[in-house]
1. Report whether or not B:ILE244 is open to solvent by 40 Å² or more (accessible area, probe 1.4 Å) and within 30 Å of B:GLN33 (Cα to Cα).
2. Looking at the range B:177-193, is at least one residue closer than 29 Å to B:SER38 by Cβ and among the aliphatic types (A, V, I, L, M)?
3. Assess whether B:THR44 counts as being closer than 22 Å to B:ALA122 by Cβ, buried (at least 23 other Cβ atoms within 10 Å of the Cβ) and among the hydroxyl-bearing types (Ser, Thr, Tyr).
4. Step by step: first the residues of the range B:12-36, then only those that are within 14 Å of chain A (Cβ to nearest Cβ) and assigned to a helix (DSSP H, G or I), then the one that is most open to solvent (accessible area, probe 1.4 Å). Which residue is that?
5. Against the definition (within 12 Å of another protein chain (Cβ to nearest Cβ), in a helix (DSSP H, G or I), open to solvent by 30 Å² or more (accessible area, probe 1.4 Å) and not basic (Lys, Arg)), how does A:ASN121 come out, yes or no?
6. Against the definition (within 14 Å of chain B (Cβ to nearest Cβ) and farther than 30 Å from A:LEU113 by Cα), how does A:GLY48 come out, yes or no?
7. Quick check on my filter: what residues within the range A:96-106 are facing another protein chain (nearest Cβ under 7 Å) and open to solvent by 20 Å² or more (accessible area, probe 1.4 Å)?
8. Answer yes if at least one residue in the range A:78-93 is within 14 Å of another protein chain (Cβ to nearest Cβ), open to solvent by less than 30 Å² (accessible area, probe 1.4 Å), touching a residue at least 60 places away in the same chain (Cβ under 8 Å) and away from ligand 2 (no atom under 16 Å from the Cβ), and no otherwise.
Amino acid sequence: MTQSEAVICHKITKEFGAADNRNLVLRGVDLKVHYGELTLLVGPSGCGKTTLISVIAGLLNATGGELEVLGRDMSRLPKGDAVVFRRRNLGFVFQQYNLLPALTAAENAAVPLLAGGMRRNHAVERAGELLASLGLEQRRHARPAQLSGGQQQRVALARALIHSPRLIVCDEPTSALDHETGHAVMELLKRMAVREDRAVIVVTHDARVFEFADRIAYMEDGVITRVEVTKKSIAAVS
Amino acid sequence: MNFVALQMLLGDRAKYIGLVMAVAFSTFLMSHQSSIFSGVMNRTRSQIQDVQDASIWVMDPKTQYFDEVKALNDNVLYRVRGVPGVEWAVPMYKGLPTARAINGDFRTVLLMSVDDNSLAGAPRRLLAGDIADLRQPDSVLMDRAAYSFFFPNQPLSTGKAFEMNDHRVKVVGIFESSAPFTNFPVFYARYSNAIRYQGRERNMMSFVLVKAHPGLSDEEVCRRIRASTGLTARTDLDFGWQTIDYYIAHTGIPINFGITIAIALLVGTLVAGQTFYIFTLENLKQFGALKAIGVTNWRIMGMILLQALLVAAVGYSIGITMTAAFFEITKNNIDLRGFFLPWQIATGTAVAVLIIIVLASAMSIRRVLVLEPAIVFRG
Ligand SMILES: Nc1ncnc2c1ncn2[C@@H]1O[C@H](COP(=O)(O)OP(=O)(O)OP(=O)(O)O)[C@@H](O)[C@H]1O
Ligand SMILES: [Mg+2]
């Protein structure tokens, strides 16, 4: 069974707060994210982008609607399994990098392998190799504080890729970086992350990175208003 | 992930040292104060323990502890000797006469007697002289603390003269005593001499010291003495504990030390516990990232516990070493002699530290478990 959608959102809603100060942030999101593509999620501040990818990644539970991620019905996934599901199948890139300051670059990149129980030497060695392919060969023993923002984000990218996840979720990966560095990070992301059996979602404000998108989903006030296919060679558009 | 947990902890040197020091100092305070307390209490039975020849003490039923004694009638001795199972019984006098040196220095001393004939009851750790010389007229033994008070910085030598109750007495031996609770110098003399030095003639017996027949337990002989004489008879161990119990029940010492130890425990809990909790709070974002990446709550609990246990182990080791070192350094100080770190206190302190750190990490763990991993997306 081959399916081209890695993520299928159907009428997803998300509400914060209770009773008198309820805040309906996602108001019925319909969205498909495809394997082999980089999907950009764009929209004004506060429209619910971060909330949506948190729901997709299983970090937040949706209030309503149906969500299928990598063929799994997320609403039926027990909480404990969701953690293991994330560890095996998801990669994350955050705006603030969120590297562990006490670990070296290679150790940081190795965290998902360590979390999966791999032996340290082996995990760090593999992370070192991946860092090399991201142009950080010389910096693998450096700690985050000794790295530039772009370098830190590349380490974070390595951490998102190291365990070969099938879905990578990035929230504003370039907005803490200057334009040139952000561009380089997006280039690496596009080159290293996009695979036939993997989907990449990138939330961004930054119109200058639109050129990397295969598909752009526009969000406004808790709903997807429009999806634009931008990829040059459209293999399979359903 | 254990490696990650350790790096998180050790990576922040200043905070790590702060945590370890908080545990170390509260360990030190708790174990040091408890040891001094137990040492002070132990001193109340020093002179009971220093009598090695006999292990049964017979006394008036009204006598509550070693330092306050109701005198026994002379005929008591014969009644005790008549109890089946008594191998031998000797009278024992204990008093507080004044000893005056030739130069006029004087002190109240704790005077203990040994048996006139057998010299039973004599101290064991002789530093100079000979116990047998107690048979000489007007002789005494004195302890090292007494000697260093009356003859500071002089090499130990016998033959010094004193005056006690207008009797000129001669020091025939110097010994090491277990430090007495009252800090008086300790003297020993033969029973008949001791009574003369005190300046009284009759009804001077403080205790009867008894040796049980071989093959009979001390407890059994005590029981027989009680039954046939109506007097109280205790083993040295029982009498020692009775004396300690008296001081615990009737002095402010336990309260004072108790307060200090409680404060050490409280400050330790607050400082070490709070520092550890804050350490976790400051790393909340890191734990959030780990949770998002897929580290299970169990794993995170394990990480925090590991961090806590390492801090506890290192801090405790430093603190307990400080305590042990204190007693090692002061063991030759005459006023602090006999104080040491009992293993029970070392163990008890370890348990207290463990409880402190488990409580602190329980709070930290709770905080991390309820943490929404979605915070990693928030600035
Ligand atoms: N945990 C929460 N509790 C209550 N309200 C929340 C919570 N998280 C988000 N919100 C609200 O949901 C709305 C959408 O937030 P979200 O972070 O998803 O927006 P966004 O599109 O990512 O914005 P930005 O571009 O500024 O990052 C906001 O109004 C926010 O206040
Ligand atoms: Mg956002």
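The values are calculated or read from the model by the stated rules, or taken from the named source; none is laboratory data. The shown structure was predicted, so the numbers you read here are calculated from the model rather than taken from an experiment. FYI the Cβ positions are ideal-geometry reconstructions off the backbone, even for glycines, and counts take in every protein chain you see. Remember, those area values only see protein heavy atoms, side chains included, never the ligands or the DNA or RNA. Shrake-Rupley method; radii C 1.70, N 1.55, O 1.52, S 1.80 Å.
1. Criteria not met by B:ILE244.
2. There is at least one residue in the range B:177-193 that is closer than 29 Å to B:SER38 by Cβ and among the aliphatic types (A, V, I, L, M).
3. Spelling it out, B:THR44 is indeed closer than 22 Å to B:ALA122 by Cβ, buried (at least 23 other Cβ atoms within 10 Å of the Cβ) and among the hydroxyl-bearing types (Ser, Thr, Tyr).
4. By that ranking, first place goes to B:ARG13.
5. In short, yes.
6. Details: within 14 Å of chain B (Cβ to nearest Cβ): yes; farther than 30 Å from A:LEU113 by Cα: yes.
Yes, satisfied.
7. Answer for the range A:96-106, where residues must be facing another protein chain (nearest Cβ under 7 Å) and open to solvent by 20 Å² or more (accessible area, probe 1.4 Å): A:GLN96, A:PRO101.
8. Step one: of the range A:78-93, the residues within 14 Å of another protein chain (Cβ to nearest Cβ) are A:78-93.
Adding the requirement that they be open to solvent by less than 30 Å² (accessible area, probe 1.4 Å) leaves A:82-83, A:85-86, A:90-93.
Within this subset, residues satisfying the condition of being touching a residue at least 60 places away in the same chain (Cβ under 8 Å) are A:90-93.
Then keep just the ones that are away from ligand 2 (no atom under 16 Å from the Cβ); that gives A:90-91.
The answer is yes, given that some residue of the range A:78-93 is within 14 Å of another protein chain (Cβ to nearest Cβ), open to solvent by less than 30 Å² (accessible area, probe 1.4 Å), touching a residue at least 60 places away in the same chain (Cβ under 8 Å) and away from ligand 2 (no atom under 16 Å from the Cβ).
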